[in-house]
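Enquirer: Have a look at the structure that comes next, please.
The values are calculated or read from the model by the stated rules, or taken from the named source; none is laboratory data. Keep in mind the model is a prediction, meaning the values are calculated, not measured. All Cβ positions, glycine included, derive from the backbone under ideal geometry; neighbour counts span all protein chains shown. Heads up: the accessible areas ignore ligands, DNA and RNA and are worked out on the full protein's heavy atoms, side chains in. Shrake-Rupley method; radii C 1.70, N 1.55, O 1.52, S 1.80 Å.
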Amino acid sequence: MNDSSAKRLVSSLSRPVKRAHGTRSSVWRKVALAASLTAGLAASLASPVALAAEAPLATGERHALAANDCLPVPSGPVVLTVEGAVSCGNAGSLQAPRARFDLAMLEAMPSRVVATHTPWTQGRVSFSGPLLRELVARVSDDARGLKVRALNDFVAEIPLSDIEDFDVLLATRRDGERMPVRDLGPLFVLYPFDAHPELLNEQVRFRSVWQVTGLTLE
């Protein structure tokens, strides 16, 4: 109902009422209809489910799924978006929640340091960042699959058994420094190659995605 419709309705209801038979009941029917329409409109606008499903999430606004404050809203540039089977989100809609992270949020998670040789770096290098399994557990209750997406839209599928059996990092730092895009960054899926030499195979190298920008949980 818009403003002009409401004015016409009020105007019609405020006219003098003749005492002729049936007029009073007609007016009361109009009053009841107006009250019903107004109540229905107010209820639909106040519904948090409707708002969460239809309205975009504004910066700084809590997501409907974040009732337990499981994820804050990023304060810096978003470097990772997790979508799919997300149960703890801070963006998107109630039907399609997403979890968005800036670097500070990722580095606030319990971090691990893995010193290892890799096929792409010289010598033994120290990488640090959250364990990939802890990140997945943070945003999802029932993930059964994981896909990693890179800046150039390259996608690799990582079995959940990999991140459960090995300390696979989503590395945010190399030798204590944040990684630029030109040097594997800002995020790099790192397997502990030195601790598990059996991981040095073509299949795992394919899963070791750098310049990571997104995860899809299935």
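Enquirer: Place a +1 charge on the Cβ of each Lys and Arg in the stretch 114-216 and a -1 charge on the Cβ of each Asp and Glu, then give the dipole magnitude about the Cα centre in debye, rounded to the nearest 20.
Expert: 360 debye
Enquirer: Remind me, what semi-axes does the stretch 91-133 give for its equivalent ellipsoid, largest first in whole Å, using sqrt of 5 times each Cα gyration tensor eigenvalue?
Expert: Working through the eigenvalues yields semi-axes of 31, 12, 8 Å.
Enquirer: For the stretch 102-178, what's the relative contact order in percent, using C-alpha pairs closer than 8 Å and at least 6 residues apart?
Expert: Relative contact order for the stretch 102-178 comes out at 34 percent.
Enquirer: Where does the charge balance sit around THR116 when Lys and Arg score +1, Asp and Glu -1, over other residues with C-beta under 9 Å from its C-beta?
Expert: 0
Enquirer: I would also like to ask the following. Okay, which of the stretch 97-112 sit inside 14 Å, backbone N to the point 7 Å along the Cα-Cβ direction of GLU177?
Expert: none
Enquirer: Let me ask you something else. Leaving out ligands and nucleic acids, and using a 1.4 Å probe, what accessible area per residue does the stretch 106-218 come to in Å²?
Expert: 49 Å²
Enquirer: Leaving ligands and nucleic acids out of the surface, order ASP142, ASP153 by accessible area at 1.4 Å, largest first.
Expert: From most exposed to least exposed: ASP153, ASP142.
Enquirer: Leaving ligands and nucleic acids out of the surface, order PHE206, PHE101, PHE154 by accessible area at 1.4 Å, largest first.
Expert: PHE206, PHE154, PHE101
Enquirer: For ALA156 paired with ALA104, estimate the spin-label separation in nm (one decimal), with each label point 7 Å from Cα along the Cα-to-Cβ line.
Expert: Inter-label distance under the simple model: 3.0 nm.
Enquirer: I would also like to ask the following. Quick one: plug the Kirkwood hydrodynamic radius of the stretch 129-183 (C-alpha pairs) into Stokes-Einstein at 4 °C, 1.567 mPa s, and report D in µm²/s.
Expert: Rounded to a whole number, D works out at 103 µm²/s.
Enquirer: May I have the extent of the alpha carbons of the stretch 96-218 along their three principal axes, as whole Å values ordered from largest to smallest?
Expert: Taking max minus min along each principal axis of the Cα atoms, the stretch 96-218 gives 43, 29, 28 Å.
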